1. Can you spot the lysines whose alpha carbon is less than 26 Å from LYS123's alpha carbon? Ignore those fewer than 8 places along the same chain.
2. Quick check: pseudo-label points 7 Å beyond the Cα along Cα→Cβ at LYS69 and GLU121, how many nm apart are they?
3. Please report Rg (one decimal) and Dmax (integer) in Å for the Cα set of region 36-124.
4. Relative contact order of region 36-124, please, whole-number percent, based on alpha carbon pairs below 8 angstrom and at least 6 residues apart.
5. If amide hydrogens are placed 1.01 Å from N in the peptide plane, which non-local residues have theirs closer than 5 Å to the one on LYS35?
6. For GLU53 and VAL100, compute 0.36 nm times the residue count separating them, minus their Cα-Cα distance, and round to one decimal in nm.
7. Quote to one decimal, in nm, the extra length available between ASP80 and LYS60 on full extension: 0.36 nm per residue of separation minus the C-alpha distance between them.
Amino acid sequence: MKMKRRLEWCWAAVGVGAVLLGAFSPPLAPAEEEKQVRLEVEITAEETGQPIENATVYVKYKQERFLRKDKERSWSAKTDSEGKAAFPPLPEGEVLVQVVVKGWKPYGRFHYLRAPKHVLEIKLKPPKKWY
């Protein structure tokens, strides 16, 4: 019985201490917002400079998390008749951009996104001929 009362008293003291600590502590600074980058990709033929339509563009990046493992995120889009594809706002940092289209060499490189709007101009090469 005495032990139970001591535990109750101890928990009550901890609760009061937590309330007082919260009341008299300085407010926490707001978390810094993640900077967002608007990505646009323009795909053209290396030799002629003509836009390549209907190419699939993949963008992959890791979303950093505090308590858990980083989460892999990816987006994909198809280019229009002008060879352009746009993506929703992405976090600033390193992303992997991959381009796949039938009849052209695949493209894949890491890019670092910094500005509020980032335009990537990608020139695709024709595939090697197999005899």
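1. Within the straight-line limit of under 26 Å, LYS123 reaches these lysines: LYS60, LYS62, LYS78, LYS84, LYS102, LYS105.
2. Distance between the two pseudo-spin positions: 4.1 nm.
3. In Å, with Rg to one decimal and Dmax whole: 13.6, 50.
4. Dividing the mean separation by the residue count of region 36-124 yields 41 percent.
5. GLU92
6. 15.8 nm
7. 5.2 nm
No lab work stands behind these numbers, since they all come straight from the coordinates. Keep in mind the model is a prediction, meaning the values are calculated, not measured. No Cβ is skipped: glycine too gets one built from the backbone with ideal geometry, and neighbour counts run over all protein chains shown.
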